[in-house]
Amino acid sequence: MPETSRRGLLFGTAAVSAGAFLTACTSNEPKEKATAQNNQPAADDKPGTPVTIGFAGPQADHGWLNAINVQAKSRAEKYSEVTLEITEGSNDTAAQIGQVKTLINKKVDVLVVLPADGKALTQVGLEAMKAGIPVVNLDRIFASPQAYRCWVGGDNYGMGLNAGHYIGEQLKDKAGAKVVELAGIDNLELTKQRSQGFADALKNYSNIKLVARQAADFTVESGQAKMAQLLQAQKQFDALWNHDDDQGVGALRAIQQAGRDEFIMVGGAGAKSAMDAIKADNSVLKATVLYPPTMAASAIDLARALGQSKGISGLSEMEIPTSLTLYSAVVTKENIDQYLPTGFS
């Protein structure tokens with residue numbers, strides 16, 4: 001995928017100097033010594049010390065998860081000194097633990113792990129850290145901060161919040177506005193966070209009421225079936241927020257089959273199919289809230305910096321941060337061209 005602007009924000013070519021010289025305020029005071037300057041080298045695009053990065057993710061059985069793998073591989077290929085050891089990926093917890101253990105035994109320099117289950121893989125993250133292998137925990141967070149050196153991921157609460165604010169602004173002048181929600185898998189924490197953010201945003205709009213909510217399974221088939229149920233139960237509403245663009249493909253099919261178009265639809269994640277529909281502006285889908293798979297590319301950048309004992313240009317700290325939460329931008333017809341290259345299939 002084409003490079004995104006996030007790269008420019010994380011890794012520029014010029015380091016920020018934190019040093020500043022202080023002088024005495026009065027002539028009878030001794031002159032202050034210069035404060036310590038940060039001369040720590042920052043990661044840039046120039047080849048550096050060879051680094052072997054182990055990458056373990058879940059099975060790519062969803063468009064977003066496949067995009068995670070693509071982003072990690074393509075970013076690693078940018079660096080001649082980076083070797084990427086990548087596992088096949090598995091949604092079976094035991095299998096993924098075995099894959100991470102294999103990478104630990106290979107003595108990779110840094111690990112990047114997107115766990116199928118963060119809690120279940122915490123122990124193997126701890127094992128890697130104890131072995132002196134820094135771990136970049138990608139998206140689904142481990143249960144202990146001791147299991148990773150840095151976490152980078154999306155903002156599920158922010159997704160719901162921004163979706164809610166966008167819908168709220170579109171409907172703020174409509175009395176008695178009705179909204180429905182097509183959520184993801186209900187037993188996942190991320191689904192709960194997205195729904196909570198959405199509910200909190202709608203609290204700012206007293207004229208809007210959430211009249212129905214249905215959970216789907218992040219698949220096209222479930223999106224179509226659950227959306228059909230919502231449409232049958234709700235004869236009229238003004239906006240729909242769908243948590244996931246993959247299930248949104250099915251939701252749009254159900255909407256078209258029902259011949260409904262009295263509402264606006266907001267998607268989630270940033271699939272190319274959703275962005276194409278937004279750009280064409282020929283359906284109810286008017287926006288999608290990003291959950292950027294480019295976080296995998298950023299994870300490779302951070303792992304490379306860790307492996308080379310470097311900081312990040314643009315930040316004065318000598319070390320990379322312990323966490324990096326990506327922003328869930330709302331993509332509409334007005335800014336679609338900016339975000340279209342990041343859309344995933």
Go ahead and estimate [θ] at 222 nm for the chain from helices alone: -39,500 (n - 2.57) per DSSP H run with n ≥ 4, summed, over the residue count, rounded to 500.
-> -11500 deg cm²/dmol
To the nearest 0.05, the calculated FRET efficiency linking SER309 and ASP117 through their beta-carbon distance, R0 being 30 Å, is 0.45
Label selected from [x] 1.13; [y] 1.61; [z] 1.02, the criterion being Cα Rg over 2.2 N^0.38 Å as computed here | [x]
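Round to a whole number: what % of the accessible area of the chain belongs to carbon and sulfur, probe 1.4 Å?
Numbers: 7980 of 15920 Å².
The C+S portion of the solvent-accessible surface of the chain is 50 percent.
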Quick calc, the stretch 196-345, dipole around Cα centre from Cβ unit charges on Lys, Arg (+) and Asp, Glu (-), nearest 20 debye, gives 280
ASN187 and LYS279 label points (each 7 Å along its Cα→Cβ direction) are spaced in nm at 3.9
Honestly the stretch 165-260 on the Cα gyration tensor test (a ≥ b ≥ c root eigenvalues; a/c under 1.5 rounded, otherwise a/b vs b/c for prolate or oblate) is just oblate
Measure off 7 Å from each Cα along the Cα-to-Cβ vector at LYS46 and SER74, then give the distance between these two points in nanometres to one decimal.
-> 2.7
What residue among ALA201, GLY268, LEU190 has its Cα farthest toward the positive end of the dipole of the stretch 184-335, where the charges are +1 on Lys, Arg and -1 on Asp, Glu, each on the Cβ?
-> ALA201
Extension length gain for SER316 and LYS235 (0.36 nm per residue less Cα distance), in nm, is 23.6 nm
Considering only the stretch 199-340, percent of DSSP beta bridges that pair antiparallel, nearest 5 = 25
In the chain the DSSP beta bridges are antiparallel at a rate, in percent to nearest 5, of 5
When we measure straight from the Cα of LYS310, which lysines land under 18 angstrom away, once same-chain ones fewer than 8 places off are left out?
-> LYS46, LYS78
So what are the stretch 197-345's ellipsoid semi-axes, whole angstrom, largest first, if each one is the square root of 5 times an eigenvalue of the alpha-carbon gyration tensor?
-> 35, 17, 14
Computed magnitude of the charge dipole of the stretch 107-253 (debye, nearest 20; Cβ of K, R +1, Cβ of D, E -1) | 320
Taking a cut-off of 25 Å between Cα atoms, list the lysines near LYS203, but don't count ones fewer than 8 places away on the same chain.
-> LYS172, LYS174, LYS178, LYS192, LYS235, LYS286
Looking only at aspartates and glutamates whose Cα falls under 15 Å of LYS226's and that sit 8 or more positions away or on another chain, we get GLU181, ASP186, ASP217, ASP244, ASP245, ASP246
Positive-end extreme of charge dipole, the chain - chosen from ILE53, HIS243, ASN162 (charges on Cβ) | ASN162
Rounded to whole Å², per residue accessible area for the stretch 131-196 with a 1.4 Å probe reads 41
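The values are calculated or read from the model by the stated rules, or taken from the named source; none is laboratory data. Note that this is a predicted model, so its numbers are computed, not measured. Reconstructed Cβ throughout: ideal geometry from the backbone, glycine too, with neighbour counts over all protein chains shown. Surface accessibility is based on the protein's heavy atoms, side chains included, excluding ligands, DNA and RNA. Shrake-Rupley method; radii C 1.70, N 1.55, O 1.52, S 1.80 Å.
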